[in-house]
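Engineer: Mind looking over this structure? Questions follow.
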Amino acid sequence: MRRTTLSLAGALAFAATTAHAAEIVLVTSAASGIPALTEEEASQLYLGRRTTLSDGTAVTLYDLPGGPTRDRFYELLTGKNSNQIRAYWSRQVFTGRALPPREAKSADDLPTLLSNDGAAIGYLPDGQINPRLRVLLRLP
């Protein structure tokens, strides 16, 4: 019995690690004219330091609701954890410097939002990309 419990615990830990390790991708509508982004450009956009692309095109950014994917996205892109990001955006909003990205209702809702706006950018786990979306940047 003890061996079965340990095996089950090990399998669950492996599954959680594997799911957590999925690549996160920045995406836009397949019909969008937004070019591929560098990590630096994406970081500047998602930290509100820029609101336009290098060619001057204004973009609309979308966040996923709070959770592991959102936390991992910000850690990979900006090096900040979820508490640091919340504090960062609180300061930005309070001082009037910037507004945070809009929040999608769910990861399932995001592809529709992006497809309806050619200037919109969001992020998803790699496994949730569909033909209506185009990858702008892959985060390991």
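The values are calculated or read from the model by the stated rules, or taken from the named source; none is laboratory data. What you see is a predicted model, and the numbers here were worked out from it, not measured in a lab. Note that each Cβ is placed from the backbone with ideal geometry, even for glycine, and that neighbours are counted across all protein chains shown.
Engineer: Which condition from (1) surrounded by fewer than 17 Cβ atoms within 10 Å (Cβ to Cβ); (2) among the aromatic types (Phe, Trp, Tyr); (3) in contact with a helix residue (DSSP H, G or I) (Cβ under 9 Å, 6 or more places away or on another chain) is the one that Tyr74 breaks?
Structural biologist: (1)
Engineer: Right, another one. Counting only residues that are assigned to a strand (DSSP E or B) and either surrounded by fewer than 11 Cβ atoms within 10 Å (Cβ to Cβ) or in contact with a Pro (Cβ under 6 Å, 6 or more places away or on another chain) (or both), how many does the range 25-61 have?
Structural biologist: Matching residues across the range 25-61 total 2.
Engineer: Would you check which residues across the range 61-99 are without any contact (Cβ under 8 Å) to a residue 60 or more places away in the chain, closer than 26 Å to Ala119 by Cβ and of a type in the set (A, V, I, L, M) and list them?
Structural biologist: Answer for the range 61-99, where residues must be without any contact (Cβ under 8 Å) to a residue 60 or more places away in the chain, closer than 26 Å to Ala119 by Cβ and of a type in the set (A, V, I, L, M): Ile85, Val93, Ala98, Leu99.
Engineer: Yes or no: Ser90 surrounded by fewer than 18 Cβ atoms within 10 Å (Cβ to Cβ) and modelled with pLDDT under 95?
Structural biologist: Criteria not met by Ser90.
Engineer: Let me ask something else about it. Only one of these conditions is not met by Ser82: (1) under 15 Å from Ile121 (Cα atoms); (2) surrounded by fewer than 17 Cβ atoms within 10 Å (Cβ to Cβ). Which number is it?
Structural biologist: The number of the failed condition is (1).
Engineer: For the range 82-140, which positions are basic (Lys, Arg) and under 14 Å from Leu61 (Cα atoms)?
Structural biologist: Within the range 82-140, Arg102, Lys105 qualify.
Engineer: Determine which member of the set Arg134, Arg91, Arg86, Arg138 is more than 11 Å from the chain's Cα centre (by Cα) and not in a helix (DSSP H, G or I).
Structural biologist: That would be Arg134, the only listed residue that is more than 11 Å from the chain's Cα centre (by Cα) and not in a helix (DSSP H, G or I).
Engineer: Sticking with this structure for a sec: Only one of these is touching a residue at least 60 places away in the same chain (Cβ under 8 Å), touching a Pro at 6+ places or on another chain (Cβ under 7 Å) and of a type outside the set (Val, Ile, Thr): Leu133, Leu114, Leu137. Name it.
Structural biologist: Matching residue, one of Leu133, Leu114, Leu137: Leu133.
Engineer: Please go through the range 107-127 and pick out each residue that is over 12 Å from the mean Cα position of the chain (by Cα), assigned to a helix (DSSP H, G or I) and surrounded by 14 or more Cβ atoms within 10 Å (Cβ to Cβ).
Structural biologist: Selection gives Pro111, Leu113, Leu114, Ser115.
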